[in-house]
Amino acid sequence: MRGRSGGNCGKKPELDYSFRLEEFAEDMEYIVAPHIIRSYLEGDQDALEKHCGDAAFAAVNAGIKERIKLKMSLDTTILAGPREIELKGAKLMEQGAPCFIWTFNMQQVNCLRDAEGEIVEGAVDDIRTVCYAMAVTRNPKLEELDLEYPWQVSELAILWNQPCF
């Protein structure tokens, strides 16, 4: 009887014995999620490029480029959140670290202004609860980049938004 190979040529996956899910959840709630959402609202392409994978950066940067092209700006006010942060799942990736899928809500102002400061969408008092999904993995470029945290966003999506009041 012959043994079956796991396809990794006898190499054992590298384990991170210092990983603690509770610490990761705190990083997501207090550091990663607020930083990524704030960076998107502010149009901070450099911060997003450092902390997002290629696909996530391309998606968020497309929205930022469109706002720049149209000379529009989003209200960057985050009133609360993230709230109801929840780990929805984790997936082992073929290469690299596992990917964790989180959801959370942010309370923010829905207001888009043109170059003259005129409101073109939403209002200064249009307060929304926005539910985000974020897929996060350990950043593969930890040694190369000057990072604020060791996590990389591989996907980011708005699941829904609704008026708060």
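Could you tell me whether ARG113 is basic (Lys, Arg), under 23 Å from LYS69 (Cβ atoms) and crowded, with 16+ Cβ neighbours inside 10 Å? The answer is yes for ARG113. Total residues in the stretch 131-149 satisfying the condition of being over 13 Å from the mean Cα position of the chain (by Cα) and under 19 Å from TYR30 (Cβ atoms): the figure is 2.
Within the bounds of the stretch 57-66, is there any residue that is loosely packed, with under 14 Cβ neighbours inside 10 Å, at pLDDT below 95 and among the acidic types (Asp, Glu)? No, the conditions are met nowhere in the stretch 57-66.
The values are calculated or read from the model by the stated rules, or taken from the named source; none is laboratory data. These numbers come from a predicted model, not from an experiment. Quick reminder, even Gly has a Cβ in these numbers, built from the backbone with ideal geometry, and neighbours come from all protein chains shown.
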